[in-house]
Each structure stands twice: as C-alpha cells, then as structure tokens.
1. What is the local net charge at Lys33, summed over the other residues whose Cβ is closer than 14 Å to its Cβ (Lys, Arg +1; Asp, Glu -1)?
2. Relative to the Cα centre, what is the charge dipole magnitude of the chain, using +1 at the beta carbon of each Lys and Arg, -1 at the beta carbon of each Asp and Glu, and rounding to the nearest 20 debye?
3. Note the angle between two axes, namely the Cα long axis of helix 98-115 and the longest principal axis of the Cα atoms of the chain, as a number of degrees from 0 to 90, rounded to the nearest 10.
4. Kindly express, to the nearest 10 degrees and within the range 0 to 90, the angle between helix 56-65's C-alpha long axis and the longest C-alpha principal axis of the chain.
5. Counting Lys and Arg as +1 and Asp and Glu as -1, what is the net charge of the other residues whose Cβ lies under 15 Å from the Cβ of Val54?
6. For the peptides 49-56, 97-104, 37-44, what is the packing order when you average, over each peptide's residues, the other Cβ atoms within 10 Å and list the highest mean first?
7. Evaluate the relative contact order of the chain (contact order divided by residue number), counting alpha-carbon pairs under 8 angstrom at least 6 apart; express in whole percent.
8. Per-residue ellipticity at 222 nm for the chain, helices alone: DSSP H runs ≥ 4 residues times -39500 (n - 2.57), over residue total, nearest 500 deg cm²/dmol?
Amino acid sequence: MSQRVSLNELLEKSDIVVLSITADESNRNFMDKDKFLKMKNNAIFLNPSRPFLVNREDFKWALENKLGGAWEDFYTSLTENINKYNLVCTNHIAGGTLESRKKTELLIAHKLKKLYS
C-alpha cells in the first residue's frame, strides 16, 4: 500500500533522501538550506540529477553541519575536498543503467517514427 506524505514529512523522517526531479530551470536550487535543515542529522543525500538543482553553498553547509554523507553523479568544485565532506562522486553513470538505455532507445524510436511518418 502506498501512502502520500508531504515533502517536509519525507525530509524529516528519511534516513536517505534521493533527489530525482526534472532538470529544468524551474527547479534550479530546489534543494536549499531550509530543506537540508528539515532532514535528519546524519542523513544521506543522493543526487543522481544535476548540480544546479542543489544550491551549492547550502549543500556545502549541509555537508559540513548536517549530512552523514552524500553522493552526486557528477563532479563539481566540491569534489576537490571529497574526503573532507564525506562525499562520493561518479562520472554521471545513472544514464548507463539497462533501464535508462531501454527508455532512451524507445524515446529515440518514437521521435524517429514521428519524424518520418
């Protein structure tokens, strides 16, 4: 059974928070200090999306004061201090999953069909 909860409740109760939202301009700096403050102390933050969805100064603050650790699927200026911040970074591999590749192939096929129909 699924249950809907507010974002605030989700942030307050979760041990691990995954940011998986649309990477468009309307979501720029979606994760900010207010949201990090609502998270549990020592929670883990995972960002497989894009850097601009997280306010970078607020994220640095959260790494220093709130989070137990974090993962981002890209490299940024914070990567230079990766050990200081308990931060793991990867080279944008989220799109490399089997599921992601299948979805991409279907999307391309639909676009080509539309283009040539």
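1. Around Lys33, the surrounding residues sum to 0.
2. The calculated dipole for the chain is roughly 440 debye.
3. Computed tilt is about 40 degrees.
4. Here the helix axis deviates by roughly 40 degrees.
5. -1
6. Answer by packing, highest mean first, reads 49-56, 37-44, 97-104.
7. 20
8. Using -39500 (n - 2.57) per qualifying helix, the result is -11000 deg cm²/dmol.
FYI, it's all coordinate maths here, none of it is from the lab. Please read these numbers as outputs of a predicted model, since none were measured by experiment. As a convention, Cβ positions derive from the backbone with ideal geometry for all residues, glycine included, and neighbour counts pool all protein chains shown.
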